[in-house]
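Beneath this line is the structure, given in structure tokens, with notes to follow.
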Amino acid sequence: MKVKAFSASLIHTLEQKLEELIDDDFSPNLAFVFASVDIGLEKVLEVLKKYPMLVFGASTCGEIFFDGNRETEGIYNNSVAVSLVEMNREHFDLKLFDGKGISSFDLGAKIGLWGKEIFDVPGFLVAVGGIGSNGQEIVEGIQKHTGRETPIFGGLAGDDSKFEQTFVFNSKKVMTHAAVAVVFDTKKINMKGLATSGWVGIGSDKTVTKAKGNIVYTIDDEPALKVYKDHLNIRDKDLPEIGVEYPLMIKKDGKEILRAVNGVNREEQSLVFAGTVPEGSTVTFSTSPGFEVVDHTKADISDFFDRYGSGSLLILFSCMARHKALGPIIIEEILTAFEKAKAPITGFFTLGEIGMMADKSCEFFNETFTLVVISEKNIKD
């Protein structure tokens, strides 16, 4: 597996970089492309169409690229971050899935069935477009056909934190209410990952008294929107943007899972979350405890690489709320990952992340630093 990565703030620069990197010694057949909606996704696609590569693309709330170069900033806005990969074509496939008119669970099930039909033991990278998508249902839909221990990593696409419309794309089309997925043959490809947060609960426990899927109508029998506004002392217009920094912490089976607000129905006084919030759940509000979150994440990153080693391809899905809450200091998380991996990192700030828990099962998260490390196994074909 060969990997080359870069970022570009202009379409012209994107064209130049591709021309420089692709030659007789490097013929990528897979590209991971994370782009701001403001740079022009259709323009990005026009450039990519010139090359015979499968494209895994998503719009972002900020782009991530770091390769150790002093000129590399690590965190970007209004740009595009790219990882080009040359690997055995028999070890992966890619597809763009239309999710219009179907549930997030059914969209996930389409992905899982497709992947299982291609490889006996599949692993997935997934990006999902469309405000209101339920990330937890995407995961559960995939697992319907593949099992809970199937490696699944990815994120919900962003739109520069406008909360209007998000997109995914392949080499031919840009779509919303859709998902793009890469499936790997895990008999030939290693997929290891880390998901770490550090957010802490604040205030008393509450009960979700009315909810359906990822829509919460009442908390402790009061309208969910009113509860959020009263608890956080914010104005109606501040949601959903501020709400993503103060997600609900769901307490379930000894685990704590975060759910961030992605949308508001002011007429119903309900809140749309990035993933399922079960009716009857015990929840509390949560927040970043401060800059010690970064120290917590750096320690988890070091432990991960000490245990599993590095790989050729590193993709990072980091929650946009971490960036908003922590500011420039969040670059330390990315630098730590690079220092341990000694390999370029690309990714984007998401509206939600899919990653692996300590028990090897995959879940949908918010507020996490979610990293996936991919490499070829040392097995003869």
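Quick notes on this one:
- Listed by position, the strands (runs of 3 or more DSSP E) enclosed by the stretch 287-365 that each have at least 2 residues that are within 18 Å of the chain's Cα centre (by Cα) and among the hydroxyl-bearing types (Ser, Thr, Tyr) are 345-350.
- Any hit, the stretch 240-247, residues being aromatic (Phe, Trp, Tyr) and in contact with a Ser or Thr (Cβ under 9 Å, 6 or more places away or on another chain): yes
- Residue in the stretch 140-150 that is surrounded by fewer than 21 Cβ atoms within 10 Å (Cβ to Cβ), at pLDDT 95 or above, under 22 Å from residue 63 (Cα atoms) and of a type in the set (S, T, N, Q) present: no
- Which listed residue, of 50, 43, is farther than 17 Å from residue 77 by Cα and not aliphatic (A, V, I, L, M): 50
- For the stretch 203-214, the set of residues classified as assigned to a strand (DSSP E or B) and modelled with pLDDT of 90 or more consists of 204, 205, 206, 207, 208, 209, 210, 211, 212, listed by residue number.
- Count of residues meeting criterion [in contact with a helix residue (DSSP H, G or I) (Cβ under 8 Å, 6 or more places away or on another chain) and either at positive phi or of a type in the set (Lys, Arg) (or both)] in the stretch 19-49: 2
- Pairs with Cβ under 7 Å, 6+ apart, first in the stretch 91-103 and under 17 Å from residue 189 (Cβ atoms), second part of a loop (DSSP other than H, G, I, E, B): 91/188; 94/170
- Pairs, first in contact (Cβ under 8 Å) with a residue 12 or more places away in the chain and under 20 Å from residue 74 (Cα atoms) in the stretch 5-30, second polar (S, T, N, Q) and outside any loop (DSSP other than H, G, I, E, B), C-beta under 7 Å, six or more apart: 5/83; 5/346
- Here 286, 302 are screened, and the one residue that is in contact with a Pro (Cβ under 7 Å, 6 or more places away or on another chain), hydroxyl-bearing (Ser, Thr, Tyr) and at negative phi is 286.
- Residues of the stretch 292-309 satisfying the condition of being closer than 20 Å to residue 200 by Cβ, in contact with a Ser or Thr (Cβ under 8 Å, 6 or more places away or on another chain) and either small (Gly, Ala, Ser) or free of Cβ contacts under 8 Å to residues at least 60 places away in the same chain (or both): 298
- Search result, residues across the stretch 215-245 that are in a loop (DSSP other than H, G, I, E, B) and at pLDDT 95 or above: 220, 221
The values are calculated or read from the model by the stated rules, or taken from the named source; none is laboratory data. These figures come from a predicted structure and were not determined experimentally. Glycine gets a Cβ as well: all are built from the backbone with ideal geometry, and neighbour counts include every protein chain shown.
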